[in-house]
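None of the figures in this text is laboratory data; all of them are computed from the coordinates on show. Every value quoted in this text rests on a predicted model; they were computed, and no experiment measured them. So basically every Cβ, Gly included, is an ideal-geometry build from the backbone, and we count neighbours across all protein chains shown.
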Amino acid sequence: MQSGKSIVRGFLPSLLCVLAVLLVACGGGGTNQNGAVTKASDDKQIYISPLGNRTDIKTFDPALATDLDSISAIQMVYTGLVSLNDKLEVQDQLAASHSVSADGLTWTFKLKPGLKFSDGTPLTSKDVAYSIDRALQPATKSGAALTYLGLIKDADKLSEGKISTIIGDGIQTPDDQTVVIITSQKAAYFLETLTYNTSFVIEKSMIDKYGDKFADHLSEGIGGAGPWKVSKYVHGQAIEFVPNPNYYGKQPQLKKVVMPFYQQSDTVWQVYQTGQVHSSGVPSSQLDTAKNLPNKQFHQSNQLGIYFYAMNFLAKPFNNLKVRQAFALAINKDDIANKIYKGSVVPTNHIVPSGMPGYNESLTGPQGVKDTKGNRDLAKQLFNQGLQEEGMTLASLPPITFTTSANSDTSRNEVAAVQQMWESTLGVKINLETMEFNKLLDEIDNAKGNPKGLQIWRADWYADYPDPQDWLTLLFSKDAHKNAMNYGDNQTPQNAAEQANQALMVQADANNNDSERMQQYNKAEQELVNDVAWIPIYQDTSTYVLKPCVVGVVDNAQGLTPPDDWANIYISTDSTCADTSQYSIK
């Protein structure tokens, strides 16, 4: 995702708990005398799921969202033809079934009968076609649509304004219950791309009436076909959700979900301790405290997410490969993971994270450095060589600014530590710039093709679907919208080799031999790491606390709650819970 996507985030939304099966209480829950979990009364079925490091979500538009917090809200209100379950397997959602032609190019979806939007309006195949076509329309200005829907026949022409629609072309609706999608090439991962929110179905009448201001009117009951609808949205304060009575699946047991916004991630931890919210991320300085909370409130599990630093290949001095390698090898990632994050993250040299298909056990860092401690001596050597190649000295080096949205004590400590590593190892002065999260996303996008854009920045990426294509071609290919690093689109001596690597990724995308395909991706990833297309820093874990009264939440490595899971989540009578008295259920 994306942020994705680059997906940049401050705190993973709270619906995560390590369970073996559904309907088991997180930490025990309220129990009766027989030891069974006791569900609280309906007026207590309110879940407060805070978003830290945010003053608002960036967008409520499925066609536009690339950050995890926006997507979390969107997935409650909207759904698509297919989705990922807790095992990250594709399952039918609005579709009752799907099939693909023998040549792998024509996908046919049969819709569930009787589908409706949240306001009761019937949902047909025409709504599916409209939503996908809208996402690709130039007027929508989606930076993500072509990334995830680009396999659809003539999607590129529509996105570029060369044709007016792909309805009747790449997307066909032979009847109200049938959607036919034709792709321009065979792709093993196509169905997985449709699980991303750019293909979610949105109500046309809402867009016709309110345009891009529709989010301010969602409380009218309009919107999507997901398990929830918005009952209240106050920008800068909170979003409140109530069950969608027209949802095609089982109704949620919760009667309300509240997403309050907190500008500082650390504040979420504080209000969790005072019982104002049900969940919180854990600042590294508070790990011991969190681990000692009673009733198993502390939880930790690996996530398919990589935090990384990216450099603009068009901005001096990062146009030089040896300079980029020097910056990468000057970082001791072990120190960051162990001293800053107290072992709550995993240092890595990988772009494709552990747990993903195609994870390369043999991958090394730049210059064949195998461990994650870096190599200060080699970094100094490479930096001096790079400056010499560019005809520069430390004195003539242009100012270097490292831009982040670090807004917690821990992330600020990380950034300060890396600044010190670069300055002490390379002798270069680094200016730090902290930017509001949503503004940083915009500035990252603006770095594409822009030598005056961001120089080096901190971001993260979380899996949209379990395939290496989501980490490689999607981010680094020639036409990738998220290729703000300008990999393969620069004037460096390595550009031809970068473009050859981009071609290798595209070959892998269409390879039906899974073993060969993964080998191609492994080779492409190693080249990306050698070229320092990213400096991967650490693989994230979900480290959080959750009130024991929250029951039925299932952990998954993506960090999002599948639509049908909401039917299994409820509040028990466990006394360790959050105070929801300020919210009412009508």
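Efficiency by 1/(1 + (r/R0)^6): what FRET value for LYS204 and THR55, r their Cβ-Cβ distance, R0 = 22 Å, to the nearest 0.05? Efficiency for this residue pair is about 0.10. Taking label positions 7 Å along the Cα-Cβ direction at both ILE163 and LYS186, the computed distance is 2.3 nm, reported to one decimal.
Once the Cα-Cα distance is subtracted from the 0.36 nm per residue extended length, the GLU423 to ALA497 segment shows a gain of 23.6 nm. Checked against a 18 Å cut-off, the cross-linked pairs LYS39/LYS255; LYS380/LYS523; LYS439/LYS482; LYS162/LYS186 give Cα-Cα distances beyond that limit for LYS380/LYS523; LYS162/LYS186. For SER362 and ASN446, the difference between the fully extended length at 0.36 nm per residue and the C-alpha to C-alpha distance is 26.8 nm. Here the Karplus curve 6.51 cos²θ - 1.76 cosθ + 1.60, taken at θ = phi - 60°, turns the phi angles of the range 138-145 into couplings of x, 5, 6, 6, 7, x, 10, 4 Hz, with x standing for Gly and Pro. A Cβ-based charge dipole, computed about the Cα centre of the range 79-206 with Lys and Arg at +1 and Asp and Glu at -1, lands at about 140 debye.
Legend: calculated FRET efficiency, THR106 to ASP288, from the Cβ-Cβ distance at R0 = 45 Å, rounded to 0.05, equals 0.20. The ranking of SER99, SER159 by Cβ neighbour count inside 10 Å, starting from the fewest, reads SER99, SER159. Extension gain for GLN270 to LYS523 (0.36 nm times residue separation, less C-alpha to C-alpha distance): 86.5 nm.
Inter-label distance, ASP334 to SER581: 5.2 nm, where each label sits 7 Å from its Cα along the C-beta direction. The distance between label points at LYS250 and GLN91 comes to 1.0 nm (points 7 Å beyond Cα on the Cα→Cβ vector).
Normalised by 2.2 N^0.38 Å, where N is the number of residues, the alpha-carbon radius of gyration of the range 241-374 equals 1.46.
Backbone geometry of the range 164-171 corresponds, through the Karplus equation with coefficients 6.51, -1.76 and 1.60 at θ = phi - 60°, to 3J(HN,Hα) couplings of 8, 6, 10, 6, x, 10, x, 10 Hz, x marking Gly and Pro. Each of PRO50, THR106, ILE152 was scored by the projection of its Cα onto the charge dipole of the chain, and the greatest displacement toward the positive side belongs to PRO50; charges sit on the C-beta of Lys, Arg, Asp and Glu.
Rounded to 0.05, the FRET efficiency of the LYS380 and SER99 pair, given R0 = 41 Å and the Cβ-Cβ distance, is 0.10. For the range 196-211, backbone phi angles converted through the Karplus equation (6.51, -1.76, 1.60; θ = phi - 60°) give residue-by-residue couplings of 7, 5, 5, 9, 5, 8, 10, 6, 4, 4, 5, 5, 4, 7, 10, x Hz, Gly and Pro being listed as x. Projecting the alpha carbon convex hull of the range 79-206 along each direction and taking the average yields 7.9 nm².
Every helix of 4 or more DSSP H residues in the chain counts as -39500 (n - 2.57), and over all residues that averages to -7000 deg cm²/dmol at 222 nm. Over the chain, the pair-distance histogram of Cα-Cα distances with 20 Å bins from zero comes to 21, 54, 24, 1 percent, rounded to whole numbers. Sketch the reach of a paramagnetic label on SER41 as a point 7 Å from Cα along Cα-to-Cβ, and name the residues of the range 547-571 whose backbone nitrogen lies under 18 Å away. It comes to 571, nothing else.
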